[in-house]
Amino acid sequence: MRAALPHLLKSQFGSIVNVSSISGIIGGLPAQGPEGRSGPAYAAAKAGLIGLTKWAAREYGDQGVRVNAIAPGPVLTSAVMHGYDYGTASYPIPRMGTPEDMAETVAFLCSPVSGYITGEVIKVAGGVGM
């Protein structure tokens with residue numbers, strides 16, 4: 001945000017999408033593995049990013065800059081392919097998210113179609129945390 005804001009404010013147009021986490025909303029996800037539940041520092045940092053998102057949306061909205069966030073659940077990336085069981089079978093959509101799921105949501109939030117959306121956090125988590 002720090003690097004992008006001066007340029008967006010100068011043009012009086014733009015969209016920032018922060019990537020938080022479902023952990024920032026629900027306080028962590030259980031995981032069966034050596035690390036267990038996602039840690040409190042991670043959950044607190046992601047909750048803080050949600051607060052920053054909402055603050056920035058209020059601060060810069062009247063200058064043409066929209067600020068939103070996504071809150072992914074577990075995403076199937078190399079970082080989570082270490083044998084952890086995130087219990088996805090019990091999720092309303094029983095699979096892990098994909099990078100493409102996240103990218104499509106970010107693209108939507110950056111597009112003119114979402115031009116009246118700011119200060120929002122969209123959960124992209126297959127129903128986790130509802």
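The values are calculated or read from the model by the stated rules, or taken from the named source; none is laboratory data. Computed from a prediction, not measured in an experiment: that's the story for all the values here. Please note: Cβ atoms are built from the backbone with ideal geometry, for glycine as well, and neighbour counts cover all protein chains shown.
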* Asked: Which one of A89, A57 is at pLDDT 90 or above and farther than 19 Å from G27 by Cβ?
  -> A57
* Subset of segment 1-23 [among the small types (G, A, S), in a helix (DSSP H, G or I) and either surrounded by fewer than 18 Cβ atoms within 10 Å (Cβ to Cβ) or at pLDDT 95 or above (or both)] -> S11
